[in-house]
Amino acid sequence: MSGQRPLGWLALSSCLALLLALFSGCGKSPERQAGKSGKTEIVFWHSYVSYTTPAIKRLIARFEAEHPNITVRPQYVQTGDDMLLKLAPAVLTGTTPDLCWVRTNWIAPMVDENAIYDVDELAEKYGGFTKEEEKDFLPSLMNASYYKGKLRVLPIQATCMALGYNKDLFRKAGLDPDRPPRDWKEFVEYGRKLTLRKGDRVEQWAFFIPVFTGQLSNYGVWQWKFFLWGEGGLYADPDGKKVAFNSEAGVRALQFWVDLQHKYRIATMSAPEQGYESQKVAMMLDGCWNLPHLQEMAFDWAIGPMPAGSKRRVFPVDGEYIVVFRQSKHPKEAWEFARWFVSPEVQEAWSKDANYLPVRKSVFQSPSYQAYLKTNPGLKAFADQIEYAYNEPVLFRQATEIDLILSTAFDKAVRQVATPKQALDEAAEKANKILAEAGAKAGAQTPGK
């Protein structure tokens, strides 16, 4: 790996951004010192939200009790561009942590930069992970764990989304609070009853359209993919050489977002702040990680299945993944923590404490876990959809950059600056140009070419 060129996977990868990251101290080396007890210390970067922080502390405390020779030092880094702005200069300057929590669109660039160990390589060196165990992981997560034919990362939790809704507002609208909309057509019918107007002013919206820009672009694109997949579309061609989101399915998916605001007039991109919490928005797409927050709500709420698209029902299950950096001075101990984290026993305990779904199929089949789900209806609502789990592997190292382009297309379409087809075609043209240029550059740098 060359340490002299800027990494292609740095979101907004300008020299200025890189310099700012370096001079702001982002690249300072994490101190890996043996404590007075002589324990080996490993550093773990993560982006767990505040509701999950106590759970990760308890998890680490349990690991340290079971592994008295290892200390894990967790460091919180805000997700999105902030994590990328910290990781990129760390790789360049040789100051990475031992382990890091990463998302799917960061896997390809880290592999291409030879920044992380492959799972098979770690297992061969330090043991503890078999091909038989690999079959126990959720397929939707393992599909995204492979890149260029090799298992590169391990999923540590299943991050999923479904339809959150206010049961009290359902009752007021004359809707059955125990029967959320089953498909997007029914969703519109519900939405008309849940949108309340007083003159020209909307006092209650049915739904918030998740169009995000900047650091949350990837989050908004992920949510739009649910609609795309439900219409039978794909984000990228299977060969990984060009995007596919501007297909007829993509146009239908984006047209639906436009229609929610302008045709049906039941949703907005500009909902009141804390709209769901203040009961100004009746339905929203919400994730399992937010269950502790939902449990604080002063109204009756529920999680329903993701409404089915015109082609299929999709339960979006992505994940966060754990990687061991090649720069780690303690790869054996880092790997020990990683494979311990994904063991069935720990995954069950982590799911119960942190409200993420487990990554192992055997946990879902565990009698103790099934008994626990009966006491946690919110998490059970997510778990009950696991048969529809789907995730499309991210094949591009430029995915973060492409998501920024795509989120701009969403904004243009929903604001009616362009039609959905125009917006997606323009985004696809820009994205494919980036991919073609990257491919040509990679070919020119390949020995023998």
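The values are calculated or read from the model by the stated rules, or taken from the named source; none is laboratory data. As the structure is a prediction and not an experimental result, all values here were calculated from the model. No Cβ is skipped: glycine too gets one built from the backbone with ideal geometry, and neighbour counts run over all protein chains shown.
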Task: Unmet requirement for Ser366, which otherwise passes all of (1) of a type in the set (S, T, N, Q); (2) touching a residue at least 40 places away in the same chain (Cβ under 8 Å); (3) touching an Asp or Glu at 6+ places or on another chain (Cβ under 7 Å) - done: (2)
- [ ] Pull up the range 117-176, narrow it to residues that are among the basic types (Lys, Arg) and in the same structural domain as Trp224 (by TED's automatic domain parsing), then point me to the one that is nearest to Gly287 (Cα to Cα).
- [x] Lys167
Open item on the list: Of the conditions (1) buried (at least 22 other Cβ atoms within 10 Å of the Cβ); (2) farther than 18 Å from Lys412 by Cα; (3) modelled with pLDDT under 95, Trp229 satisfies every one except a single condition; which number is it?
Closed with: (3)
Task: Whichever residue in the range 319-352 is in a helix (DSSP H, G or I) and either at pLDDT below 95 or among the aliphatic types (A, V, I, L, M) (or both) and, among such residues, is surrounded by the most Cβ atoms within 10 Å (Cβ to Cβ) - done: Ala334
Open item on the list: So, Pro305, is that one over 30 Å from Ala123 (Cβ atoms) and either over 23 Å from the mean Cα position of the chain (by Cα) or not small (Gly, Ala, Ser) (or both) or not?
Closed with: yes
TODO: Confirm whether Trp289 is under 30 Å from Ala115 (Cα atoms), out of contact with any Pro (no Cβ under 8 Å at 6 or more places or on another chain), buried (at least 18 other Cβ atoms within 10 Å of the Cβ) and not assigned by TED's automatic domain parsing to the domain that holds Phe44.
DONE: yes
Task: Ala444 vs. criteria of a type in the set (A, V, I, L, M), surrounded by fewer than 18 Cβ atoms within 10 Å (Cβ to Cβ) and either farther than 24 Å from Pro238 by Cβ or modelled with pLDDT of 95 or more (or both) - done: yes
Task: Residue among Asp168, Asp239 that alone is in contact (Cβ under 8 Å) with a residue 24 or more places away in the chain, among the acidic types (Asp, Glu) and out of contact with any helix residue (DSSP H, G or I) (no Cβ under 9 Å at 6 or more places or on another chain) - done: Asp168
Task: The listed residue being touching a Phe, Trp or Tyr at 6+ places or on another chain (Cβ under 8 Å), closer than 24 Å to Glu132 by Cβ and hydrophobic (A, V, I, L, M, F, W, C), out of Ala349, Ala427, Ala413, Ala389 - done: Ala389
Task: Single condition Pro377 does not satisfy, out of (1) buried (at least 20 other Cβ atoms within 10 Å of the Cβ); (2) in the same structural domain as Ala55 (by TED's automatic domain parsing) - done: (1)
TODO: Give the residues of the range 139-155 that are crowded, with 22+ Cβ neighbours inside 10 Å and either under 12 Å from Val317 (Cα atoms) or small (Gly, Ala, Ser) (or both), sorted by residue number.
DONE: Ser140, Leu141, Ala144, Pro155
Open item on the list: Here's a check for you: in the range 53-85, which residue that is surrounded by fewer than 16 Cβ atoms within 10 Å (Cβ to Cβ) and polar (S, T, N, Q) is nearest to Asn290 (Cα to Cα)?
Closed with: Thr53
Open item on the list: If I ask for residues that are under 25 Å from the mean Cα position of the chain (by Cα) and part of a loop (DSSP other than H, G, I, E, B), which ones from the range 249-301 would you list?
Closed with: Met269, Ser270, Ala271, Pro272, Glu273, Gln274, Gly275, Tyr276, Glu277, Gln295, Glu296, Met297
Open item on the list: Show me the helices (runs of 4 or more DSSP H) found entirely inside the range 65-156 where at least 1 residues are within 19 Å of Gln347 (Cβ to Cβ).
Closed with: 119-126, 131-134, 139-145
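One line per residue, one yes/no per condition, for (1) at pLDDT 90 or above; (2) under 30 Å from Gln365 (Cα atoms):
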| site | (1), (2) |
| --- | --- |
| Pro89 | no, no |
| Tyr117 | yes, no |
| Tyr126 | yes, yes |
| Ser140 | yes, yes |
TODO: Go through the range 223-236 and count every residue that is in contact with a helix residue (DSSP H, G or I) (Cβ under 7 Å, 6 or more places away or on another chain) and of a type outside the set (Gly, Ala, Ser).
DONE: 5
Open item on the list: closer than 26 Å to Ile303 by Cα and surrounded by 23 or more Cβ atoms within 10 Å (Cβ to Cβ): which single residue out of Ala88, Ala158, Ala173 fits that description?
Closed with: Ala158
- [ ] Among what's in the range 178-221 and is in contact with a Leu (Cβ under 9 Å, 6 or more places away or on another chain) and either part of a loop (DSSP other than H, G, I, E, B) or among the acidic types (Asp, Glu) (or both), pick the residue that is farthest from Asp411 (Cα to Cα).
- [x] Pro180
Open item on the list: Please verify whether Glu124 is surrounded by fewer than 21 Cβ atoms within 10 Å (Cβ to Cβ), touching a strand residue (DSSP E or B) at 6+ places or on another chain (Cβ under 9 Å), farther than 25 Å from Val221 by Cβ and of a type in the set (D, E, K, R), treating the condition exactly as stated.
Closed with: no
- [ ] Confirm whether Val417 is exposed (fewer than 15 other Cβ atoms within 10 Å of the Cβ) and not in a helix (DSSP H, G or I).
- [x] yes
